[in-house]
1. Could you please find all residues in the range C:149-178 being open to solvent by 10 Å² or more (accessible area, probe 1.4 Å), touching a residue at least 24 places away in the same chain (Cβ under 8 Å) and over 13 Å from C:Ile97 (Cα atoms)?
2. Does C:Gly44 count as closer than 30 Å to C:Met92 by Cα and not acidic (Asp, Glu)?
3. Residues that are modelled with pLDDT under 90, open to solvent by 20 Å² or more (accessible area, probe 1.4 Å) and within 25 Å of B:Leu202 (Cα to Cα): does the range B:57-64 have at least one?
4. Could you go through the range C:234-247 and let me know if any residue there is out of contact with any strand residue (DSSP E or B) (no Cβ under 7 Å at 6 or more places or on another chain), more than 10 Å from every other protein chain (Cβ to nearest Cβ) and modelled with pLDDT of 75 or more.
5. Going residue by residue through the range B:40-59, is there one that turns out to be of a type outside the set (Val, Ile, Thr), out of contact with any strand residue (DSSP E or B) (no Cβ under 8 Å at 6 or more places or on another chain) and under 15 Å from B:Phe22 (Cα atoms)?
6. Applying the selection to the range D:15-45, what residues are facing chain C (nearest Cβ under 7 Å), farther than 20 Å from C:Ser71 by Cβ and polar (S, T, N, Q)?
7. Determine if the range A:18-38 includes at least one residue that is buried (at least 20 other Cβ atoms within 10 Å of the Cβ), away from every other protein chain (no Cβ under 14 Å), in contact with a Gly (Cβ under 7 Å, 6 or more places away or on another chain) and not in a loop (DSSP other than H, G, I, E, B).
Amino acid sequence: MLKTANLSYKFDDKYIFSNLSFETTNDSVFKLVGDNGSGKSTLLKILSGIYKNYEGDLSFSEKKLVFYSGHKAGLKNNLSVRENIFFDIRLPKISYSQINSVLKKLDLIDYSDIQSAYLSEGQKRKINIACFMLSTANLYLLDEPFNNLDRKTTDLLKEIFDIKISTGAKIIFSSHDRSNEDFSLIDMNLFN
Amino acid sequence: MIYFVKILKKEFLIYSRKSSSFISPVVFFLISISLYPIGISNDPDILKNLAPGLIWITVLLSTLISFQNIFAEDYEDGSIELLLASGQNLSLIVLIKIFVNWIFSCLPIIVLSMFSIFLLYLPIEGLKPLIISLLIGTPTICLFGALAGALSLGKNSITGPALMLPLSLPVLILGTQAINYSLNGINFSSNILLLTAILIFLLPIILFASVGALKLHFN
Amino acid sequence: MFQTLKNFYHKLGSFPWFYKISGKVIPFAGVLSISLIVISSIWGLFFSPTDAVQGDVYRIIYFHVPAVSVSQVIYYSMSIAAAVFLIWRMKMAGVYIKSLAPIGAAFTFIGLMSGAIWGQPTWGTWWVWDARLTSTLVLFLFYLAIIGMQSTFASRKSADTAVSIITLVGVVNLPIVKKSVDWWNTLHQPASISITGESSISSEMLLPLLLSILGIYLFVFFTGLLSMRAEISTREQNKDWFKKVSNYN
Amino acid sequence: MDFGEFNIHIWSVVSATGIICLVLIYLPLAKIKKNESKIKNNETT
C-alpha cells in the first residue's frame, strides 16, 4: 500500500538520507534498522505526515489511516491513565469497558485513575501500547516500540502485531537491534 | 467533527486540572491592581483618571504569562506531532486551543476587573465599556499570544512576549479610549466596532500565521 | 521581455552569481554613497542658509528625514521579500530579510534619536506620543523582534520562514497602529505640533536634502549588499563554489 | 553656519550617525574576511 521512490530528506543543506526506495506490497511487518542518526525516526515522521519537506515520491495505494507513535508519547501529566487513553487523538470513539479490558491485559487496571505524572517510564510506554491496541488504523508507524520493555510486554506486543496483521494492517517499526525475527528489513545504512 | 469535540473536551479537562493556568493570571492581576494605589497615589481623582489604562495594561501583562501554555506543553510531550500526523485541519485545532486558553486565562480576569470600581475608583459608568472592550479585545491579544508562543516554541526566550506587545498596541489604545470616552460622556460604540473589526480581520490572518509558525518546528 | 526578467530572477537567486556581482558593485556603491553623504552633509551643515524660525538646529533635517524615510522603505522591501520567500521559497529573500533588518533597525534608531534631539530645542520636548513617532517606535520594535527571532530556530530555513511571517504580520499591523494612534491622539492632544508643519522649504535647503536622501539610499544599497555578502559567506562556507572563490582572492 | 559656535544638538546627531554607519560597514566586512580566511586556513592545513 505504501511506495517510496528516491525519497530524500535534508536538514538545511545536509542530507539525513537520500534516494530511499521501497515498497510494502507482500509483507506486513517491516523493521527499520540503521545506526544512530541514519534517519529512522525522520523516515517514520515523513511517512506519518509530520515532516512534509521531503524530496522524491511517496504514495499510498489505499486510504491511509496512520497510527504514529514517536519517542514522546503525547501523554498529559494531569490526566489519569484512563482519560489519557480516552482522549487520545489517534483513537476513534471508544468506551470505558474497552479501555478497561486493554488495561487489564497490560496490568495497568489498578492505576487507571491515577494521573499519569505519577507513573514510571515503563508504565507510560504501556499506555502508548494500550492506544496501539485500541487503534483501528491500517498503517502503524512505531518508533522503537521494543526499547526498554520487559519480557512479558515484549511478548504481548508481538502478539498484538499478529492481531493487527490479521486485520490486513501494515506495521513499520524502527529498531537498532539487527537480529532478524522474520520481519522484512529496511536498512537505512544502505541509503546514505 | 467528533474529533474536534474530543480535542475541545480534552483541552477543557487539562486546563481545569492545571490550576496554575487560571490562578496565576488572576493572582497577578489582583496583586498589581492593589499595588497601584500604594505605588502611585491613593487620591481618588488621580486613580480615577489612570484606571482605564492601568486595568488594560495589567490585563495585557497578566495574560502574557499564560501564552506559554498554549503550545509549550504539547510541544514537550509530543502531542503536536500526533496532531500533525492526524492530518486534520490544524487551524481549527489551534483555534480551539486559543479559545480554551482565553476562557481560562482571560475570562476570570475580565470578571475580576469589576473590582477596579472599588480599588481604582473607576466610576460606575466606565464599567460597561470596560467589560465590553475587554471581552472583544482580549481574544485578539490571545491570537497574538498564540502566534508569539508558536514562534518561540521550545525556547524560554523573551522574544515571544516581547513580539506580542507592540502588536497589541491598537487594541490597548482602542480599549482604554472606549472607557475614557464613556467617562467623558462620549459615545464609545465606534471603538467597540473597531475592536470587533480588528478581531474579525486579524483572526484568519493570525490563525494562519500561527499554524505556519507551528509547522516550522517540524520541518 | 518576460524571459529576460525570469532569467534575471533565477540569477538573483543564485548565491555564486550574487557573490561575484556584488563583489564588483560594492566598491563603486561604497565610494559613491559615502562621497554623496559627505558632500550633502557639508553642504547642509555649512552652506545652506539658516532657517528663519528654527535657526541652525534645523540642519538635523539632513540626517533625520533620510533616515526615517529609508527605514520605512527598508521595511516595505523586506515585506515584499518575505512574500517572495513564503511563496517561491527563494533562499536569497531570506538572506535579504536577515541582512537588511539590522540596517533598518539602525536607521530607525537614527531617525528616532535625531528626531528627539531636534525636538528638544524646537518643541521643548524630546518626545511626543503622536501617530508618526509612535508608529516609528513600533517599527523599531518590529525590527528588534525580527533580529531577535533569528536565534530561536535550529534550521536556517525555519528561521527564515518565521522571520518572513513576522515581517508580514508587522506590515499588516503598522497601518493599524498608525491609524489607531491618530484616533487616540485626537482626544488627548490638540494638534499643536507637526513635524512638517513649518514653512515650506526653500530650494537652497531642498537641494542638499534631496542629495542626502539619495546618499542614504545608496548607502543602504551598499551596506545591504555588503551584509548580504557576509550572510552568504556564513551560510555557504562549506560549499565548493565558496571555497573556490575565497581561494582566488 | 557660524563656525565659531558649537551646536551640540547638530554635532551629536552627526557623530552618532557617523558611528552607526561605520559600524554598519565594519561588521559585515569583518565577517566576510573571517569566513574567507577560515576557508584558506582549512585548505592549507
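1. Passing the criteria: C:Val171, C:Leu174, C:Lys178.
2. So C:Gly44 fails the test.
3. So far as the range B:57-64 goes, yes, one or more of its residues are modelled with pLDDT under 90, open to solvent by 20 Å² or more (accessible area, probe 1.4 Å) and within 25 Å of B:Leu202 (Cα to Cα).
4. yes
5. Scanning the range B:40-59 turns up no residue that is of a type outside the set (Val, Ile, Thr), out of contact with any strand residue (DSSP E or B) (no Cβ under 8 Å at 6 or more places or on another chain) and under 15 Å from B:Phe22 (Cα atoms).
6. D:Asn35
7. no
Okay, residues lined up against (1) over 9 Å from the mean Cα position of the chain (by Cα); (2) among the hydroxyl-bearing types (Ser, Thr, Tyr); (3) farther than 13 Å from B:Phe71 by Cα; (4) crowded, with 16+ Cβ neighbours inside 10 Å:
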| position | (1), (2), (3), (4) |
| --- | --- |
| B:Trp102 | no, no, yes, yes |
| B:Ser113 | yes, yes, yes, yes |
| B:Leu127 | yes, no, yes, yes |
| B:Ile131 | yes, no, yes, no |
| B:Thr138 | no, yes, yes, yes |
| B:Ala148 | yes, no, no, yes |
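The values are calculated or read from the model by the stated rules, or taken from the named source; none is laboratory data. None of the values given here were measured: they were computed from a predicted structure. Reconstructed Cβ throughout: ideal geometry from the backbone, glycine too, with neighbour counts over all protein chains shown. Please note that ligands, DNA and RNA were not included when accessible areas were found on the heavy atoms of the full protein model with its side chains. Shrake-Rupley method; radii C 1.70, N 1.55, O 1.52, S 1.80 Å.
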